[in-house]
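Notes to accompany the following structure.
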Amino acid sequence: MPISKSTERIWKRLNRDLTGKPSYRANKTGSSRRFIPKERCTNPDTLSFITELLPSEDKVPLRNTIYTLSCVLLDRSDCDRKLAEKFKTEYGRTHNFVHKFAQVVLPEEFDLLGTVYQSFLTEGVKNSTGSYYTERSVAQELLDSLEAKPGASFLDPCCGSGTFLILAQEMGLKICGMDSDPIAVMIAKANLILSGAKEYPDVRVIDFVNRWKSERRRFDFAATNPPWSSKTKNVYADVSSFFFMKTLSLLKSGGKLAFLMPISMLNIASHRLFREHLFSDCRLLEIRKFDTKFSGVQTDFVSILAEKAKPAERFRMNESGEIREIPLSIFQLTEQKTIFSATEPEVEIICKILSKGEIS
């Protein structure tokens, strides 16, 4: 059956062929669009600064732009000069300094370098790698939930520009960061030095998915926003599940971890294996639902707080500040081990129904 010209134009805009089938995955991996993550811009001047900066990428390699901005920030700050010079020694061999950026007025921002980097990356790159950096307030909530004491060891296995590491450093924790993106690691080191690091940051370029077994240290705490991607070759349906379980294995007994995860981890059938391990391999402490979203991502997300300990009978469900104690046993009765929110009376009713009948 022939289609109208208007339908043909719409399909072309959606990057579809004339059969109506998408010519690339619906997850935007082919998109070349770029956008500024506005939730990370607390200073209005940051938006205009990045907007003016974006066209420069056509002439200057991104790594050089980021390196230059890092050096300018370090030179203008009261950070440890020896650490700043060590940073320049490490990266000056591989990144060229762009002199025309040296005189720019830089806006005050918590993570200006990371926000600039995220703005330069295309939607396709961020979607395929799951690279969406975390807002400061969200990261702080996760770290606060750990109840970590100064001096404890802390790991972020996919640290990005270092938001969790910066806040953990401010809490007096001994930090270790990893990421597979060399530019992100460079940014994280610069950010940590700018934030008052007393020693050169322990942040390394490591493919955690394939190299986690080589890590011999054990940590007291961990927190991160792992990549969300179904392009995984391990037993889990999403790479974020792999990050969660392998990070758990690197904790000391009694250690805690807090992860941001897509809300689909709670109820989609393909994530059943992760939920089974969440119930059996650790002590699930709390699931918190967030009302905010990442720019360019429509998926709702939750934080999962767990302890490396024997499973408990109950955990906390936190929705908009309303906290409920929910028994794990109720999820064991569902076919897909689905996690859902329920009030105490609802739990009692469900348990009574199940005790008197059979699941069809």
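The values are calculated or read from the model by the stated rules, or taken from the named source; none is laboratory data. Predicted, not measured: the structure shown is a model, and the values here were computed from it. Glycine gets a Cβ as well: all are built from the backbone with ideal geometry, and neighbour counts include every protein chain shown. To get the accessible areas, we keep the full protein, side chains included, count just its heavy atoms, and leave off ligands, DNA and RNA. Shrake-Rupley method; radii C 1.70, N 1.55, O 1.52, S 1.80 Å.
Legend: distances between Cα atoms for Lys198/Lys252; Lys149/Lys256; Lys88/Lys189; Lys86/Lys149; pairs beyond 18 Å are Lys198/Lys252; Lys86/Lys149. Accessible area of Arg316 (1.4 Å probe, protein heavy atoms only, ligands and nucleic acids ignored): about 80 Å². Once backbone amide H atoms are built at 1.01 Å from N, Arg314 has Leu328 as its partners under 5 Å, excluding neighbours fewer than 5 places away on the same chain.
Average accessible surface for region 218-318: 38 Å² per residue, computed with a 1.4 Å probe over protein heavy atoms with every protein chain in place. The separation of region 167-190 from region 197-232, counted between C-alpha centres, amounts to 10 Å.
The H on the amide N of Ala152, modeled in the peptide plane, is under 5 Å from the matching H of Lys174, each at least 5 residues off or on a different chain. Under a model in which nothing but the beta-carbon of Lys, Arg (+1) and Asp, Glu (-1) is charged, region 201-325 shows a dipole of about 520 debye around its Cα centre. Accessible area of Leu73 (1.4 Å probe, protein heavy atoms only, ligands and nucleic acids ignored): about 40 Å². Partner aspartates and glutamates whose Cα lies under 13 Å from the Cα of Lys337, excluding those fewer than 8 positions away in the same chain, are identified as Glu276. The residues neighbouring Ser264, those whose beta-carbon lies less than 10 Å from its own, together hold a net charge of -2 under the Lys/Arg +1, Asp/Glu -1 convention.
The residues His271, His277, His99, sorted by heavy-atom accessible surface at 1.4 Å with ligands and nucleic acids left out, run His99, His277, His271 from largest to smallest. Based on the Kirkwood approach, the hydrodynamic radius assigned to region 157-236 is 13.3 Å, with every pair of different Cα atoms included.
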